[in-house]
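First the structure, which I've put down as structure tokens, then a few questions once you've had a look.
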Amino acid sequence: MTPLHDLLSIGWMWLVLVTELPDLLSAATQSTQDSLLADLIRVVSMRDYNTRVVIVGVATLGGAAGLVGSFTLLRKRALMGDALAHASTPGIAIAFIVATSLGGDGKSIPVLLAGASFTGLIGVAGILLIRNQTRLKEDAALGIVLSVFFGLGMALFGVIQQMQTGHAAGLEGFIFGMTASMQAADAQLIAAVSVIVIAGCLLLFKELQLLCFDEGFAGAQGYPVVVLDIILMAMIVLVTIVGLQAVGLILIIALLVIPAAAARFWTETMSRMIVCSAALGVTSSVIGGLASAMFPGLPSGAMIVLVCSVFFFVSMMLGTRRGVLIRLIRRRQLNRRIDRQHLLRAMYEQIERDQDAVDESLSHRKTPVSVAKLLSMRSWTLRRLERAIDRAVEDDLVRRSNGSCRLTGAGLTEAARLTRQHRLWEMYLITYAEVATANVDRDADAIEHVLAPEVIDQLEDLLDEQGTMIAVPVSPHDIAPEAEMENKTGGGEA
Amino acid sequence: MPDPNLSSEVDADAPVVDAPQSETPAFSDTSLSNVPLSVYDLTVAYHRKPVIWDVSFDLPAGSLIGIVGPNGAGKSTLLKASMDLIPRASGRVRFFGQSYRQAHNRVGYVPQRESVDWQFPVSALDVVTMGLYDKIGWCRPVRKRHRALAREALRRVGIGDLADRQISQLSGGQQQRTFLARALVQDADLYLMDEPFAAVDASTEHAIVEILRELKSRGKTAVVIHHDLQTVPEYFDYVVLLNMRVVAHGPVMDTFTPENLQKTYGGRLTLLDEVTEAMRRRESSL
């Protein structure tokens with residue numbers, strides 16, 4: 001339920017942005033063109049001390065969240081931060097009520113954050129309790145705790161509205177984030193805590209990586225797995241709690257999950273992933289924070305999530321390691337390679353069958369093979385076959401001559417190499433894996449396309465020991481295809 | 001360092017069927033310093049159901065030991081509980097006469113391959129380097145010499161050329177070899193392996209067996225959870241037959257008998273025929 005819920009929040013934010021932004025802009029422009037420009041320059045150049053401190057604070061928060069988020073994502077605990085943030089809601093309300101009724105300042109940030117941490121930790125303890133003591137799984141535990149605490153918090157916010165002393169204005173900043181109302185002191189707190197978290201992540205990189213990858217081995221190595229988990233959890237708590245004011249409790253999870261998930265598309269190395277994730281976190285927070293500082297009505301959490309989601313979408317599509325586009329390209333290339341290999345091998349086997357392969361020298365094998373014949377040899381469509389031939393012609397492996405094609409010198413060499421590889425694999429399967437001869441062909445087809453050169457070397461060695469011919473071994477099974485037999489029977493009927 | 005008297009003694013009192021450990025009174029830790037793994041009265045329970053009961057055995061040093069038993073017999077649980085990875089209801093485990101905490105750097109662990117997410121963003125070399133983290137120490141960076149050691153371990157298992165490949169790009173057999181290299185790089189005296197032969201190709205199986213033999217020749221001990229009964233006589237010197245309790249343990253030739261297997265697996269006769277055949281092959285080859 002939570003990912004859906006977050007997805008809905010993101011969608012809602014877009015809607016708000018699209019509908020509200022023109023109003024905000026026109027409100028700003030009405031006040032005179034000059035002041036908007038002045039505003040923009042003032043905020044972007046960060047000439048204002050307060051803005052400058054707030055932006056620096058939010059940027060370090062983004063970096064810390066990006067780092068911690070990478071570890072929690074890989075530990076598969078990403079939603080823990082979400083539950084924690086939601087569970088902090090009643091704490092904020094309780095802290096406010098207690099502080100004001102004692103005559104203190106109900107909006108003192110340290111007091112509110114202390115309250116938030118208190119119920120947040122109770123929430124996490126509740127999740128662990130449900131998970132460990134009942135048969136419910138973690139997702140159910142998360143759902144229960146998250147909604148119950150958030151509901152309780154909302155009810156308490158309602159109570160505050162009814163209170164005589166209560167000026168709840170400002171508290172809703174905790175729900176969607178409000179950098180505009182942040183003071184330099186708040187930002188300094190955020191920056192200090194974030195720096196501690198960043199330092200922790202970098203110092204414990206090795207240990208946390210091991211924890212996330214292989215908990216069992218970490219335990220066997222004598223690492224206190226529980227302590228490491230608590231450290232990671234503590235860092236999530238720190239980032240989440242100090243991030244409440246800047247990003248808001250509903251959307252802080254975005255800063256923990258999205259940069260890390262986006263970074264995963266670009267790299268297969270953990271150290272690069274955390275750097276990339278931190279950079280995305282910093283960039284989104286700075287852009288989101290600036291926007292919110294410029295337009296006091298615009299929640300910074302929403303802006304940060306929007307910027308994050310743009311980065312995520314771009315990464316998902318264009319990511320150089322796991323992006324959608326690169327996967328499509330790779331699959332297409334693989335398909336083309338497979339088609340080419342099938343084409344060349346089909347031609348080679350056809351030629352081999354037409355002539356007495358043992359007596360003929362290589363040059364005589366360049367006889368033409370009709371396209372119709374090739375079509376009947378495999379289960380490919382004419383269109384696909386024609387395209388494969390066209391591409392092979394382009395690469396000068398095959399020549400066309402009306403209705404049939406023949407191998408060039410290079411094509412013959414390549415076809416011989418492929419056929420040899422195919423048959424080596426078949427022999428390997430027959431010799432070592434005890435696969436029935438009749439079933440080999442299909443397996444070999446699937447595997448030869450991913451056969452690494454070192455495996456081929458190994459196969460050659462293995463088959464060499466058995467005194468098998470290496471050049472192009474004779475196919476270990478009868479290569480007469482069904483097509484030919486069908487033709488024969490078909491002819492008989494006619 | 002291995003005391004010849006002691007190991008021969010362990011060999012001699014061979015096929016022990018549900019033997020009470022009364023002949024080792026007081027169970028003094030010093031007398032066990034040459035026993036790589038000594039388990040006494042170990043019971044482990046998940047929720048309310050016991051998984052292994054009253055497991056006791058001393059394993060001989062410098063040998064290859066197979067742990068064999070049907071699915072759900074508690075083989076993995078036995079290894080994990082020995083290393084304190086899961087809590088035990090009762091029992092005492094000693095590695096070279098010490099607790100696991102004290103002796104953990106003398107023990108190399110090869111977990112089941114399925115126990116981790118192979119999409120994790122690390123290379124084979126990174127995984128093998130993890131075997132050195134304990135030596136490197138908390139908060140200290142991995143250095144060049146550590147990576148060189150890890151590369152060497154990958155070469156030993158025959159995939160030195162794949163060191164920089166991301167682990168999801170490795171075949172099942174190569175992933176298993178990576179795990180093996182991670183344990184080898186620790187240079188331990190005892191190796192605990194959880195089904196290293198599960199779903200690997202023939203050449204990987206061969207490579208692992210070679211490494212086991214090489215370890216034995218250097219006086220190391222390996223405890224291997226194994227599923228393929230046919231290869232037990234060929235691969236191992238000593239066997240522990242487990243089905244929630246220890247049915248029997250001792251040298252393969254005396255312990256790996258149809259009667260004991262019958263007790264371990266119940267009446268699956270086709271299986272027993274295969275094993276009898278395998279034992280006969282081994283006898284004739286000796």
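Mind listing which trypsin sites (Lys or Arg not before Pro) in region A:130-210 are in a DSSP loop and have 15 or fewer other Cβ atoms within 10 Å?
Working: sites: A:Arg131, A:Arg135, A:Lys137, A:Lys206; in loops: A:Arg135, A:Lys137.
Answer by residue number: A:Arg135, A:Lys137.
Using the Cα centre of chain B as the reference point, and only Cβ charges (+1 on K/R, -1 on D/E), how large is the resulting charge dipole? Debye, rounded to the nearest 20. List each step's numbers first, then the result.
Values: 32 positive and 35 negative charges, 261 e Å.
With Lys and Arg at +1 and Asp and Glu at -1, about 1260 debye.
Also, quick follow-up: Can you tell me the order of A:146-152, A:396-402 when each peptide is scored by its average per-residue count of other Cβ atoms within 10 angstrom, highest first?
Details: A:146-152: 18.4, A:396-402: 15.3.
Listed from highest to lowest mean packing, they are A:146-152, A:396-402.
Is there a quick way to get the dipole size of region B:162-286? I mean about its Cα centre, with the Cβ of Lys and Arg at +1 and of Asp and Glu at -1; what is the value in debye to the nearest 20?
180
Going down the list A:Lys137/B:Lys49; B:Lys75/B:Lys220; B:Lys135/B:Lys216; A:Lys206/B:Lys49, which pairs span over 29 Å between their C-alpha atoms? All intermediate terms of the calculation are to be shown ahead of the outcome.
Working: A:Lys137/B:Lys49 20 Å; B:Lys75/B:Lys220 21 Å; B:Lys135/B:Lys216 24 Å; A:Lys206/B:Lys49 37 Å.
Over 29 Å Cα-Cα: A:Lys206/B:Lys49.
Another question, then. Return the sequence-ordered ³J(HN,Hα) values of region B:188-193 in whole Hz as given by the Karplus equation 6.51 cos²θ - 1.76 cosθ + 1.60 applied to θ = phi - 60°, using x for Gly and Pro.
Residue by residue, region B:188-193 yields 7, 9, 10, 10, 10, 10 Hz.
How well do other chains shield peptide B:121-128, expressed as the mean number of their Cβ atoms within 10 Å of each residue Cβ? It would help to have the intermediate numbers written out before the result.
Values: counts 17, 10, 3, 0, 0, 6, 4, 0.
Counting Cβ atoms of other protein chains within 10 Å of each residue's Cβ and averaging gives 5.
Of the peptides B:97-108, A:209-220, how do they stack up when ordered by the mean number of other Cβ atoms within 10 Å, highest first? Walk me through the numbers before you get to the answer.
Working: B:97-108: 17.4, A:209-220: 23.2.
In decreasing order of mean packing, B:97-108, A:209-220 become A:209-220, B:97-108.
Highest mean first, how do B:42-54, B:138-150, B:61-73 rank when packing is the count of other Cβ atoms within 10 Å averaged over residues? Walk me through the numbers before you get to the answer.
Numbers: B:42-54: 15.2, B:138-150: 13.7, B:61-73: 20.1.
Highest to lowest by the protection proxy: B:61-73, B:42-54, B:138-150.
At 1.4 Å probe size, with no ligands or nucleic acids counted, give the accessible surface of A:Ile230 in Å², nearest ten.
For A:Ile230, the solvent-accessible surface is approximately 110 Å².
Please identify the trypsin sites (Lys or Arg not before Pro) of region B:182-235 that satisfy two criteria: DSSP loop assignment and at most 11 other Cβ atoms within 10 Å. Which are they? Can you show the working numbers first?
Numbers: sites: B:Arg182, B:Arg213, B:Lys216, B:Arg218, B:Lys220; in loops: B:Arg218, B:Lys220.
Filter output for region B:182-235: B:Arg218.
Still on this structure, please answer the following. Note the full-extension length gain between B:Asn105 and B:Arg140 as 0.36 nm times their separation in residues minus their Cα-Cα distance, in nm to one decimal.
Values: separation 35, 0.36 × 35 = 12.60 nm, distance 1.77 nm.
Result for the pair: 10.8 nm of gain on full extension.
The values are calculated or read from the model by the stated rules, or taken from the named source; none is laboratory data. Quantities reported herein were computed from a predicted structural model and do not represent experimental measurements. Because the Cβ atoms are built from the backbone with ideal geometry, glycine has one as well, and the counts that use them run over all protein chains shown. In case anyone asks, the SASA skips ligands and DNA or RNA and just uses the protein heavy atoms, side chains included. Shrake-Rupley method; radii C 1.70, N 1.55, O 1.52, S 1.80 Å.
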